[in-house]
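Single-structure report; data block below.
Every read-out reported here was derived from the displayed coordinates using simple, explicitly stated rules and does not represent laboratory data. The structure displayed is predicted, hence computed values, not measured ones. Glycine also receives a Cβ, built like all others from the backbone with ideal geometry; neighbour counts cover every protein chain displayed.
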Amino acid sequence: MSSPPSVTVTRFAPSPSGNLHVGGARTALFCFAFAKGRHGRFVLRIEDTDQKRSSDAASLGFLKDLEWLGLRWDEGPVFEAPDGSSIGGGDHGPYFQSQRLEIYDAAITRLLEEGKAYEAFDTAEELDAARAAARAAGRPFRYDGAAALAMSDSDRAAARAGGKPGVVRFRSEGRAVTIRDEILGEATLPAGEVDDFVIRKADGFPTYHFAVVVDDESMGVTHVLRAQEHFNNTAKHLLLQEALGYRIPVYAHLPIIFNPDGSKMSKRDKDRALREAVVARGLEAPPNGRDGLPLCDQATFERWRGDKTVQLPGEVCSAIAEVLGVELPEINVEDFRRSGYLPEVLVNFLALNGWSPGNDLEKFDLAFLCERFSLERVVKTPAKFDRAKLLAFNLDALQAMDGETFLARLRAHGARYHPEFVARIGEANFAILAAASHPRSKTLDEVFRGNRFLVEPDDGIAWERTKAVEKALFKGEPTGLELLAAAKPELEAVAADDWSASSLEARLTAFCEAREVGNIGRIAQPLRIAVSGGTVSPPIFDTLAMLGRASTLARVDRCLASLSAAAS
RNA sequence: GGCCCCUUCGUCUAGCGGCCAGGACGUCAGGUUCUCAUCCUGAAAACAGGAGUUCGAUUCUCCUAGGGGUCACCA
């Protein structure tokens with residue numbers, strides 16, 4: 001059943017090698033918005049024609065990320081969303097290219113029969129040599145099909161029988177091709193630019209170019225929105241479409257998203273960040289994980305440490321970073337989710353890289369984007385991904401929430417990424433923590449990362465003698481430590497069943513006034529250090545309330561004992 | 001290197017022949033605050049360069065420079 005041409009159909013066609021990264025997410029977002037805004041269909045197709053690089057686990061990861069962003073596909077792999085609803089399916093499947101081999105073969109057979117494609121039996125070595133020769137001569141390599149074309153049927157039969165793996169190449173005849181693009185305009189690749197490219201690999205799988213063209217046709221795709229790096233490829237696709245008698249979809253090539261330094265965003269950035277940290281610390285061996293075993297073997301670690309081109313598996317990279325306390329740059333959608341960004345914020349921010357609604361409007365949701373998105377307003381220039389602005393957007397969105405929503409979303413994030421923390425802190429205290437953190441958090445995750453002291457055992461608190469700690473504890477008259485000792489009886493005077501932020505505040509405010517120590521900060525800071533080990537925590541009375549009477553007093557005692565001795 | 005594309009504050013962008021070139025993030029300077037963060041005021045900050053076209057160019061054309069993409073049996 002094919003769609004009437006009046007229906008807009010877009011598709012997002014990732015290859016499942018790795019995770020969905022923000023560039024891909026932005027492409028998917030625009031595809032989604034464009035289709036939805038025109039009451040069309042958004043198709044998801046998995047381009048797994050590279051057997052070496054594809055894996056089932058990776059393709060499933062994509063689905064989860066897209067769903068999280070709110071980009072539900074109308075057709076594609078079937079996926080059960082967390083809310084129990086089902087996404088995907090459709091009449092144009094299968095949606096995994098690896099399951100569509102017969103379809104491609106039929107089309108290739110047709111081209112072969114019509115003389116628009118031919119078999120070739122060049123070895124990788126021969127091709128490499130030809131490429132090297134072209135390079136040495138200072139000209140670009142273009143495949144010369146003369147020899148393959150000159151083969152007779154019996155030559156080919158002999159080659160096949162001899163077990164020589166052959167490929168099928170498209171006969172482009174070196175024609176000039178004009179590409180029409182909704183964003184970039186019109187461009188002509190001169191004759192000779194497109195050579196006889198491979199359409200079926202020796203392993204029997206189609207190449208990307210061929211599969212894309214066949215699938216876009218059979219899935220009724222009317223608009224191809226994809227990254228600008230595909231612009232030149234369009235010439236090949238146009239040639240194939242003409243040879244196969246297909247419709248030509250509208251093309252729109254989206255600007256690429258880069259790192260702030262202009263490099264491509266990729267997993268490599270994580271390896272680089274981790275390697276720098278490892279080298280800076282002089283680490284010679286892989287650290288141990290929670291189970292006490294090294295996170296990877298010594299040889300792998302050394303090779304990775306010394307060679308910038310070597311990458312560690314993603315999980316190993318993250319695990320080592322976590323043990324070392326190194327923050328890796330977020331690259332994949334999952335990374336941003338783990339870091340505590342909101343999906344609606346990521347959607348909003350991603351849309352702003354390459355598109356804007358005009359009129360100085362920056363904050364909007366997915367529905368607005370669907371309604372307003374248009375190709376005319378997509379810019380031509382590549383964007384550099386600005387995490388600082390994303391962070392500011394996230395803060396704004398967090399602050400715009402009501403307390404209840406913040407609590408619910410914080411809880412969901414905690415359940416997913418910090419289950420032990422959530423279990424230990426308990427329901428009532430979690431609510432206090434959420435309320436106290438709400439006005440001061442830029443991400444969901446920092447609430448958990450920054451407040452570990454709340455769930456540590458009392459004797460697990462260690463006091464680092466940083467400058468800020470020294471100042472708060474040992475400077476002034478009286479010193480912070482002396483004030484802390486003096487305030488201890490005040491804390492003890494608050495009964496366990498009266499232990500709340502408000503009673504503590506009343507008590508300690510009175511204490512400050514009586515002692516004429518002035519600002520409440522004079523006692524807040526020593527207390528904060530005593531109970532948390534550091535100089536940063538939620539407002540002090542909330543902090544003490546969450547800790548409870550016993551823990552607070554135990555920690556103050558330990559602090560006094562440990563640091564008074566050190567001071568003298 | 002060949003071919004293709006691109007060029008407004010540090011960054012994301014608005015602008016579609018006549019604007020004191022606007023907004024946001026960031027930065028800087030003040031202020032509020034028990035830490036952190038938030039919050040409030042204010043400021044600095046851009047049309048890559050050169051020729052044209054035009055009464056008039058950020059806007060149109062060309063050239064130069066710079067940036068990007070692509071030249072696989074990867075997508």
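Within straight cross-link reach of A:K236, meaning Cα distance under 27 Å, which lysines are found once same-chain residues fewer than 8 apart are removed?
Reachable lysines: A:K52, A:K116, A:K164, A:K201, A:K264, A:K380.
Using DSSP to call loops (not H, G, I, E or B), can you name the GluC sites (Glu not before Pro) in segment A:466-504 whose Cβ has at most 11 other Cβ atoms within 10 angstrom?
Qualifying residues, ordered by number: none.
Run the reach check for A:K475 against aspartates and glutamates, Cα to Cα strictly under 19 Å, same-chain hits fewer than 8 apart removed. What comes back?
Within reach: A:E464, A:E516.
Can you sort A:C317, A:C370 by how many other beta carbons sit within 10 Å, fewest first?
Taking fewest neighbouring Cβ atoms as first place, the list is A:C370, A:C317.
Nearest 500 deg cm²/dmol is fine: what mean residue ellipticity at 222 nm does chain A get from its DSSP H runs of n ≥ 4 alone, each adding -39,500 (n - 2.57), divided by its residue count?
Rounded to the nearest 500, the figure is -15000 deg cm²/dmol.
What does the C-alpha gyration tensor say about the overall shape of segment A:401-454? Classify as rounded when a/c is under 1.5, otherwise prolate if a/b is larger than b/c, or oblate.
Rounded shape, in that the Cα axes give a/c under 1.5.
Among rounded, prolate and oblate, which fits chain A when a ≥ b ≥ c are the square roots of the eigenvalues of its C-alpha gyration tensor, a/c under 1.5 means rounded, and a/b larger than b/c means prolate?
prolate
Can you give the angle from 0 to 90° between the axis of helix A:521-532 and the longest principal axis of chain A, with both taken from C-alpha atoms, to the nearest 10?
Helix A:521-532 and the main axis of chain A meet at about 60 degrees.
Quick one: grab the alpha carbon gyration tensor of segment A:100-254, order the square roots of its eigenvalues as a ≥ b ≥ c, and give me rounded if a/c is under 1.5, else prolate or oblate depending on whether a/b is larger than b/c.
In terms of gyration-tensor shape, oblate.
Would you list A:V345, A:V316, A:V212 from fewest to most Cβ contacts within 10 Å?
Fewest to most other Cβ atoms nearby, the residues stand as A:V316, A:V345, A:V212.
Which order results if A:S85, A:S437, A:S564 are arranged by neighbouring Cβ count within 10 Å, fewest first?
Fewest-to-most Cβ neighbours within 10 Å comes out as A:S85, A:S564, A:S437.
May I ask you to order A:186-199, A:68-81 by the average number of other C-beta atoms within 10 Å around their residues, highest value first?
Top of the packing list down: A:68-81, A:186-199.
Relative contact order, percent, of segment A:307-443 when contacts are C-alpha pairs under 8 Å separated by at least 6 residues?
24
On a 0 to 90 degree scale, rounded to 10, what angle separates helix A:233-244 from the longest Cα axis of chain A?
40
Can you tell me the relative contact order of chain A? Whole percent, Cα pairs under 8 Å, sequence separation 6 or more.
12
As I understand it, the value is the acute angle between the Cα axis of helix A:343-352 and the longest principal axis of the Cα atoms of chain A; what does it come to in degrees, rounded to 10?
It works out to around 60 degrees.
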